[in-house]
1. On the given criteria, is residue 95 on the phi < 0 side of the Ramachandran plot, in contact with a strand residue (DSSP E or B) (Cβ under 6 Å, 6 or more places away or on another chain) and not assigned by TED's automatic domain parsing to the domain that holds residue 16?
2. What's the number of the only condition in (1) modelled with pLDDT of 95 or more; (2) within 18 Å of residue 110 (Cβ to Cβ) that residue 205 fails to meet?
3. Of all residues in the range 1-21, count the ones that are closer than 13 Å to residue 67 by Cα and surrounded by fewer than 16 Cβ atoms within 10 Å (Cβ to Cβ).
4. Return only the number of the condition from (1) at pLDDT 95 or above; (2) assigned to a helix (DSSP H, G or I) that residue 75 does not satisfy.
5. When you look at residue 128, is it modelled with pLDDT of 95 or more and within 22 Å of residue 82 (Cα to Cα), yes or no?
6. For the range 22-53, name all the residues that are assigned to a helix (DSSP H, G or I), within 27 Å of the chain's Cα centre (by Cα) and surrounded by fewer than 14 Cβ atoms within 10 Å (Cβ to Cβ).
7. Restrict the check to the range 120-132 and report whether at least one residue is over 25 Å from residue 198 (Cβ atoms), touching a residue at least 40 places away in the same chain (Cβ under 8 Å) and not assigned by TED's automatic domain parsing to the domain that holds residue 179.
């Protein structure tokens, strides 16, 4: 069965709820030109995927009705341009206070991330630390592949960089990531980056050698 019409209809429902606000099944049925039963089927799918919420509203006459609206999770479906705002703010800071202040921001961010994750590393051998590091980066959207070599060296490769637009302009962001890796893995390993997305690489590649 071709699922494309169903997906397209659900996209229209999401767009309507975004632009028109809360709507009932009847409202959506009229807008879409489909039966209320069909609307409910789409709403059930969207509710299952945690993209919409419903609330029961009492009316002056007749039975209470459910109104449907987008959930907080659905906001991620719409375009975001955060990287451009970030770049604009960093460029303004650089113009006013110089490159050193921009670098200081990246250093403070690095220290905050280390403070957030160091408890996950505490008391663990290197192998478990490397696995934790891969999990952390994956959770942050870096699309990590981790491979242990025959000599005990780890190859950690990141195929995506969520801050690529920023890192392309401010390479200190990449230096801070390397420093964070070294800090979280402690003195048990030598960490070297051999390829970088921000420097025309196809991925970020880290070699982690046990000391």
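The values are calculated or read from the model by the stated rules, or taken from the named source; none is laboratory data. Here the structure is a predicted model, which means the values were calculated and not measured. Glycine gets a Cβ as well: all are built from the backbone with ideal geometry, and neighbour counts include every protein chain shown.
1. So residue 95 does not fit the description; no.
2. Result: residue 205 fails condition (2) only.
3. 2
4. (1)
5. On the way: modelled with pLDDT of 95 or more: yes; within 22 Å of residue 82 (Cα to Cα): no.
No, not satisfied.
6. Step one: of the range 22-53, the residues assigned to a helix (DSSP H, G or I) are 25-32, 36-48.
Checking which are within 27 Å of the chain's Cα centre (by Cα) leaves us with 42-48.
The answer is 44, 48.
7. Within the range 120-132, none of the residues are over 25 Å from residue 198 (Cβ atoms), touching a residue at least 40 places away in the same chain (Cβ under 8 Å) and not assigned by TED's automatic domain parsing to the domain that holds residue 179.
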